[in-house]
Structures are given as structure tokens and as C-alpha cells.
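S.K.: Can you keep this structure in mind? I'll have questions shortly.
We did not get these values from a lab; they are worked out from the coordinates using the rules stated. On a predicted model such as this, the values are computed, not experimentally measured, just so you know. Using ideal geometry, Cβ is built from the backbone for each residue, glycine included, and neighbour counts are taken over all protein chains shown.
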Amino acid sequence: MATRAKKRRSAKPKRLTKKDLNAMYRNMLRIRRFEEKTDEFFMAGRVKGAVHVSIGQEACSVGVCTALEDEDAILTTHRGHGHSIAKGTRMPEMMAELLGKSTGLCKARGGSMHIADISKGHYGAHSIVGANMPMATGMGLAYQLEGSGRVAVVFFGDGASNQGSFHESMNLCAIWKLPVIFFCENNHYAVSYHVERSTAVKDISVRAQGYDSPGVTVDGMDVVAVYEATAEAVRRAREGGGPSLIEAKTYRFFGHSRGDPQFGPYRTKEEVDEWRKRDPLTIAADMLKLTEAQKKAHLKAVDKELNDAIDFAEGSPEATLESALEDVYA
Amino acid sequence: MPVLTKDNHEEQDRHGGLGQAQRPVPATVNNSMIGMSSPTRGSGKKPELERNEMREITFVDALTEAHHEEMERDERVIVMGEDVELAYVFGVTKGLAEKFGRDRVRDTPISELGIVGAGVGAAMAGYRPIVEIMFMDFIMLAMDPLINQAAKLRYMLGGQLSVPLVVRTPGGGGVQYGPTHSQCLEAWFMQIPGIKVAAPSDPADAKGLMCAAIRDDNPVLMVEHKMLYKMKGAVPEGEHVTPFGQAAVKREGGDITLIGVGYQVHNCLAAADELAEEGISAEVVDPRTLAPLDTETLAESVRKTNRCIIVEEGHLRSGVGSEISAAVQEEAFDYLDAPIGRVAALDAPIPFEPRLEDFVLPNTANVVDAAKKALGVSV
Ligand SMILES: Cc1ncc(C[n+]2csc(CCOP(=O)(O)OP(=O)(O)O)c2C)c(N)n1
Ligand SMILES: [Mg+2]
């Protein structure tokens, strides 16, 4: 940015009120319902291509984004619908993108794996595993140079933590003290490959030690735990303390992508059931002591928003063939 | 790795190092050869600024000057790369760190993927980064951020942002650095929509194209041939921006068109001199940018001369010449009196040993021979 944004007061992590927690529950439910709908549309052949839903990992998306301001940036992955929604991405335009409509966020050129809404500080889903981390580093560099106090959060998986880009980026952010938060959703699998087989360390967070930066492991099913860890990392980043690595232990309840079953050759039904007992929505609802009626009210409001988004998407025109040749160059 | 600093220039030179006239090209470019007297033609587009106030500077100094001026003009321009603060290898970034500070001009670890990716990110956030890759060969480590991210982001995010990134890198052989430090890989990038590729052949174009690259809102790859760095030539005083997509006629002629890419322009000019001695008048055209490619100016020359040779330093197979040849024949097929000829590096890695290297790289004799063949003159 040419204009130097005013440096914000470095906010002490605010204590969550019941109202905040209620909003967080609502956001997790928005993600859950959006993903269920997306999966349904995919199975019905209405959403084309590859889709990776994040059901089970909602607390990560919402816990992180609750700790961010609108001007802060996120960069996400192939499994990015949850992060997108939590950051405020416009749902109708996002659904339109999934359905390949001209009104889609990316004009039907990106699809599920490349959702972005720059107006909301969402700098894109990047579906080359690990590619988003160097970019987050550069955004952090820009924020440091402009002195704006903004931070960039990069979401990635356990699998991505084995890419060279992770290590190069952590080192760059550490030597330059960049305001970047590396948020690793360890859902224990990269497609079918278990993290214990892929990764030399038990806790991915210890890798931060190699870059003289804080690394913590949190319960990725507990939205409050995720929020608190992120808020602390954000505080540190805004104060010029440099990057942090947060590892959230979590689990995807659905298959990896496109109709991959929930359990099968690489994981058992028992394992999935065990994790489902720790559903992040249930944990948050219990914390809030939500009554059945209150849950119903949440669901009703969320489904109304979702149905409106679907109506918008379905009512939108197809992208024209000519539009496939636009925006190649600025 | 050989390091080029003030102190060891001499040693470099003694060892036939950078910029030495191992190749059949004078270290100083004659003004008449670089388009001072022959005006730049560009498909009816505006001619460049009048070149009245000229002075002789090296290719490196022209690039350095471009950096200084553009960084002064726009504080969003930043520079990153290995050893750029001291400009320790080829010297392009000299004086920048002192003048603009180490926030804007920073050394990086040896992390090509990381730093090119960071350049993409900084560009996404509104800066105009210039990333130096020490040797073009090393760009292979950064193909993901360049090809999968920088070139596609604007498109795949529906035009929501642009990526004004410049990656600069020295390419080419002639300095005995061997297979992994001598390549010309321009053809790899020419193929990719969303990225621009420039390959200047003289100091004036080096400055003009560098300034244009920095001002461009798209990702640009600047390929600087190592043999050109110490070459001197006339550069206009003051602001000098060379628009992309405008080829330049570097020497006028009527019998055959020699299209040269980057450093190979000088082999074409040397060949044109030799051909002139035999009464053959060769026109030398430099596309200057490979993407976008000014097919019209190239074809216009061929429609006049009816014969064409393309000279590049990348490999022959699927090279820059393959693309230019196809484009020219599509535009000028009816005017061609001979098949379009291609001169390029032979299809082997670039060997280190000087005799072998000379054998694999294109030279003036190759160009002369190809031209004579196209003209039906016995070689
Ligand atoms: C560079 C690259 N290699 C491989 C893939 C194919 N791929 C897509 S997702 C994935 C697994 C990623 O695992 P993880 O980082 O743990 O994320 P998760 O899918 O669990 O969210 C793989 C191998 C890819 N998209 N990019
Ligand atoms: Mg995973």
C-alpha cells in the first residue's frame, strides 16, 4: 500500500464474552451447513471439480479468525471453505463460484480450490500444497514495511509442514521478525498418509524451535483454545515479536475429497467415531449451555442465509466463454 | 562460486571471466550498431524518446540506474535477493542498500522458493518487489511461485488483484560456469500466459526495459545475459522507458533478416558485418521482449528481405526460435524464399571446458553459415 495505514494499538487479547462465544458457535454452524450443502451438491454433480470439505475442523477456522481484524490477511489451502467463511467472505458469491457462475468470487475461474475475497482480507486458497507460506511471508514483509500493524495468517496441513516452503518461510519470518502466524491444522492425514508416518516429530509445533520462534500445540476441537493461542500470536506479531507456529490437533470427519469415504482403507470407523465424540460444535454448545430451542434458532438463521446464497448462485448467469480469456494480464 | 567485486575484476578478467571478449563481440557496442542512427521501429507505435543526450555506460550501470531512479520515484519498489546489499556477485544492485536502507533492499538466505514466493506476497499486498535470482538456472527452484502463483493469481482470483513482481536473473554461457550456471531458459516462461519476459541486448534497452518492468502491473522476468554486463553502450540521459512488445531494428538491411535474442543480437551484428564484406545486406532485429512478442515488426522485416534466421542461446528443440519461426511464417509465408533457419545452442547441456562450450553455444560463423544457406550462397 502506498498509504501507510495507521498503526493500531497493539490489542491485548480480549476476553471472550458469552456473546462472542455465541457468535463463534454461529460461525462454526455456518461453516458446517455450507460444507454439508457443498458435499451434497458435489455428490449430485452440481459442484464440479475437486472439493475438500472441512467438516470437523470448524473450530480452527473460527478460533483463528475471531482473533483477527478485518484488515488482517489470511491465506488458505485446498481445504479452505471454513477459513473463507470465518474471515467474512461473502457466502452468495462463494456459492456462485462453486457452482461456476459469472458472479462467483473468481468469476468461475478458480472454483473451490482457489476461493478468494480480497475485500475481506482473504488472499486466496492456494491449492499447491505449501505454496501459500512464502506468499504469507511476503505479505508479512509488506505489513512490516508499511508499519500498519496488520498480520498475515497462513493455514496449512500436517502434510504441508513437510514441504520446503514451510521451512524457508519460517526462517525468513524469524530472521526478519515478520507478523506472520503459521497455523497448522494437523488433521492427522495427508490424503491417506498418517502424520506419524509422514512426519519425524510427534508435535509439529516443535519445529518452531528450529526457527527460534514460539510453537504451541492446541486442541483444535476447542474453539476457545484456538482463539486464545491465536490471539497471543497476533499480539506478539503486532508488537514486532515475529512469527509463531500454532499446531491444532484436529480431524476431518469426511473423506479427503471428492467422494472419498469417511472411513475405509486407511482409517477405521472406530477412529472416526472416537473423534466425532469431540465434535467442535458440540463442545462449543456445551460451553454455552445452549438449549435445543436455541440451537434450532441458530440453525434456522443459518439455513436461511445459506438458502439465500444458493438462490443467488442459482439465479446467476453462466460465465461467458469470452470471460475465460480475461484478466490474464493486468 | 566466482564472485565479481571491484577488487577481483582483474582476476576475473585474467581468467577469461565475465564480460571478456572470449566471444567474437567487442566489449564496447558501436553506437551505430545499437539503433542510434537507425530508428526503432515498432509496428507503427510511437517512436522512443529522442535520443539526443546520450552517454556511454555499461549494461550493469544501466540496470543499476534504473533501480535507483525507480526506487526514488516509487517507495513501494523493494529489492530482495542473495548478496544484493553489497551487490556482491554481478553488481546490479550497487549503492541501493546505502541509499534506500536495508528495509527496502535486503539480503536473503539461499531460499529461492521462499524469496520469490515472498515477492509474490509482497506484490499481492501492494508493493513492487524486485527479486534477484543469482543465476537463471536457480530459478528452477522457484518455478512454483512464478508459474503456479504469480502468473495465475490475477486470473484465477477473477481479477481481484495483480502481481507487480519483477524477477531479474543473469542467464547464458560463455564464462565457463558449466551446465548448471549457463542456461538460457526463456522459452520455459514464454509459454506461460500471465507472465512477461524481457531479454535486453544493450545498455539502453536494459535500462528502458527494466524501468518498464518495474512499472508493469504484471509479473515480469528480466533475463540479463552475463556476457553483456560489462558491455558499454549509449544510454539516453534522464527518464528512459522502453515499452514492452516493441521489437527494435538494430541494423537495417535488405537481403536477409537476422532475428537475435539477448546477447545473440551481437552475434547477428557481427555476422551482418561479415556478410556485408561479401555484398550481402542483413537486417538485424531484436524482439527485446519475448512475451509479449512483436510479431508484426519481425514479419515486416521478413516481408522486405524474404529470408529469416533466428538466433538464440537456448536449446534448439522447442526453443524461443521455434516459436518465433512459427509466428513469422504465419504472418509472412507468401514472402519467404527459403525455410526459416534457426541457430541455437546444440541440444546438450552447456559444458564447462572452453572449447566444448564454444562448440555447443551458437557463434558468429553459425549465423553466417545459416544466412548463406538461406540465400543459396555456397558456404
Ligand atoms: C505440491 C502438491 N503436491 C501434492 C498435491 C496433492 N494433494 C492435495 S491435498 C494433499 C494432502 C495435503 O495434506 P495436508 O497438508 O495435511 O492437508 P489436508 O488435506 O489434510 O487438509 C495432497 C497430497 C498438491 N495439491 N500440491
Ligand atoms: Mg492433513
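S.K.: Which percentage, to the nearest 5, of the DSSP beta bridges contained in segment B:27-236 is antiparallel?
M.R.: Just about 20 percent of them are antiparallel.
S.K.: Quick one: angle between helix B:320-332 and the longest Cα principal axis of chain B, in degrees between 0 and 90, rounded to 10, please.
M.R.: Tilt relative to chain B: about 50 degrees.
S.K.: Please list, or write none, the lysines whose alpha carbon is within less than 27 Å of the alpha carbon of B:Lys304, excluding same-chain residues fewer than 8 places away.
M.R.: Within the straight-line cut-off, B:Lys304 pairs with B:Lys45, B:Lys46, B:Lys250, B:Lys372, B:Lys373.
S.K.: Can you tally the net charge around B:Tyr335? Count Lys and Arg as +1, Asp and Glu as -1, for every other residue whose Cβ sits under 11 Å from the Cβ of B:Tyr335.
M.R.: -1
S.K.: For a quick check, take a GNM of chain B with Cα springs below 10 Å and name the residue from B:Gly321, B:Gly114, B:Gly172 with the largest mean-square fluctuation.
M.R.: B:Gly114
S.K.: Related question: What shape does segment A:18-313 have by the C-alpha gyration tensor, where a ≥ b ≥ c are the square roots of the eigenvalues, rounded means a/c under 1.5, and otherwise prolate means a/b greater than b/c and oblate the rest?
M.R.: rounded
S.K.: Between segment A:49-77 and segment B:124-170, what is the C-alpha centre distance in whole Å?
M.R.: After rounding, the separation between the Cα centres reads 25 Å.
S.K.: Can I ask one more? Quick one: which of A:Lys107/A:Lys202; B:Lys152/B:Lys226; A:Lys18/A:Lys300; A:Lys14/B:Lys152 span more than 31 angstrom between C-alpha atoms? Please report the intermediate quantities before stating the final value.
M.R.: Details: A:Lys107/A:Lys202 41 Å; B:Lys152/B:Lys226 29 Å; A:Lys18/A:Lys300 20 Å; A:Lys14/B:Lys152 39 Å.
Violating the 31 Å limit, Cα to Cα: A:Lys107/A:Lys202; A:Lys14/B:Lys152.
S.K.: May I ask you to order A:107-118, B:257-268 by the average number of other C-beta atoms within 10 Å around their residues, highest value first?
M.R.: B:257-268, A:107-118
S.K.: Which whole-number percent gives the relative contact order of segment A:60-117, counting Cα pairs below 8 Å spaced six or more residues apart?
M.R.: 29 percent
S.K.: Let me ask something else. Scan around B:Ala248 for amide H atoms under 5 Å from its own, H built in the peptide plane at 1.01 Å from N, and keep only partners 5 or more places away or cross-chain.
M.R.: B:Asp286, B:Arg288
S.K.: Separate question: Among A:Gly241, A:Gly130, A:Gly80, determine the one that fluctuates most according to a GNM of chain A built with springs between C-alpha atoms less than 10 Å apart.
M.R.: A:Gly241
S.K.: Going by how many other beta carbons lie within 10 Å of each one, how would you line up A:Lys120, A:Lys269, A:Lys289, fewest first?
M.R.: A:Lys289, A:Lys269, A:Lys120
S.K.: While we're here: Among the aspartates and glutamates, select those whose C-alpha is under 12 Å from the C-alpha of B:Lys196, and discard any that sit fewer than 8 residues away in the same chain.
M.R.: Straight-line reach from B:Lys196, under 12 Å: B:Glu186, B:Asp216, B:Asp217.
S.K.: Within 10 Å, count the other beta carbons around each residue, average over each peptide in B:75-88, A:92-105, A:32-45, A:56-69, and list them highest first.
M.R.: A:56-69, A:92-105, B:75-88, A:32-45
S.K.: Here's another thing I want to ask about it. Can you give me the C-alpha center-to-center distance between segment A:169-225 and segment A:262-296, rounded to a whole angstrom?
M.R.: If you average the Cα positions of each part, the centres end up 24 Å apart.
S.K.: Taking the 0 to 90 degree range and rounding to the nearest ten, how far is the long axis of helix B:295-305 tilted relative to the main principal axis of chain B, both from C-alpha atoms?
M.R.: Helix B:295-305 sits at roughly 20 degrees to that axis.
S.K.: Quick one: which of A:Lys19/A:Lys304; B:Lys207/B:Lys230; A:Lys48/A:Lys87 span more than 19 angstrom between C-alpha atoms?
M.R.: A:Lys19/A:Lys304; A:Lys48/A:Lys87
S.K.: In Å, what is the Rg of the alpha-carbon atoms in the protein assembly as shown, and how long is Dmax?
M.R.: 28.4, 97
S.K.: About the Cα centre of segment A:18-313, how large is the charge dipole given +1 on each Lys and Arg Cβ and -1 on each Asp and Glu Cβ? Please answer in debye to the nearest 20.
M.R.: That gives segment A:18-313 a dipole magnitude of about 520 debye.
S.K.: Among B:Arg288, B:Arg307, rank each residue by its count of other Cβ atoms within 10 Å, from fewest to most, as a rough exposure measure.
M.R.: Ranked by crowding around the Cβ, least crowded first: B:Arg307, B:Arg288.
S.K.: Looking only at A:His126, A:His194, A:His81, which one moves most when chain A is put into a Gaussian network model with springs between Cα atoms under 10 Å?
M.R.: Between A:His126, A:His194, A:His81, it is A:His194 that shows the largest mean-square fluctuation.
S.K.: What ranking of A:Lys177, A:Lys48 emerges when the number of other C-beta atoms within 10 Å of each C-beta is taken as an exposure proxy, fewest first?
M.R.: Ordered by Cβ neighbours within 10 Å, fewest first: A:Lys48, A:Lys177.
S.K.: Here's a follow-up. Just to be sure I understand: of the beta bridges DSSP finds with both ends in chain B, what percent are antiparallel, rounded to 5?
M.R.: Among the beta bridges of chain B, antiparallel pairing accounts for roughly 25 percent.
S.K.: Something else now. Give the shape of segment B:208-353 as rounded, prolate or oblate, defined through the alpha-carbon gyration tensor: a ≥ b ≥ c are the square roots of its eigenvalues, a/c under 1.5 means rounded, and otherwise the shape is prolate if a/b is larger than b/c and oblate if not. Working shown, then result.
M.R.: Numbers: a/c = 1.38, a/b = 1.30, b/c = 1.06.
Note, shape of segment B:208-353 comes out rounded.
S.K.: Please give the average number of partner chain Cβ atoms lying within 10 Å of the Cβ of each residue in B:102-115, rounded to a whole number.
M.R.: Across B:102-115, the average partner-chain Cβ count within 10 Å equals 4.
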